[in-house]
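Participant: Pasting in a structure now, in structure tokens, and then I'll have a few things to ask.
Just so you know, all these numbers are worked out from the coordinates, no wet-lab data involved. Keep in mind that what you see is a predicted model, and the values were worked out from it rather than measured. Virtual Cβ from ideal backbone geometry, glycine too; neighbours counted across all protein chains shown.
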Amino acid sequence: MAMVSPLERIRASSGGLETQGLPRLRDTGPGNGPSFGDTLKDVVHGVNEQQVSANDMALRFMAGEVEHVHDAMLALQKARTSFSFLVEVRNKLLDGYKEIMRMQI
């Protein structure tokens, strides 16, 4: 007797209701679009550019080259928020990695 997975049993019992009226999704397959690593690299690069820009804006403000303090403060806050977001993403990725490493095979 062949083993039937729980998902196959659910699909068989639902009679295909999960796909009625829904368009079929096409398989994009591997290699279509940017990889996760490339996307992460782009995000880190963007956050770094914001940090450099905010630092430059702060230095120009201290030198008296920036007229409006709010421009410098906005640049600094954007960089701080982006960096905080990046740290949280890193923390979630590490938590996921640790969870995978704890799994028993």
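Participant: What do you reckon, is residue 89 of a type in the set (A, V, I, L, M), out of contact with any Gly (no Cβ under 9 Å at 6 or more places or on another chain), in contact (Cβ under 8 Å) with a residue 40 or more places away in the chain and in a helix (DSSP H, G or I)?
Facilitator: yes
Participant: Within the stretch 56-75, count every residue that is touching a helix residue (DSSP H, G or I) at 6+ places or on another chain (Cβ under 8 Å) and assigned to a helix (DSSP H, G or I).
Facilitator: So the count comes out to 8.
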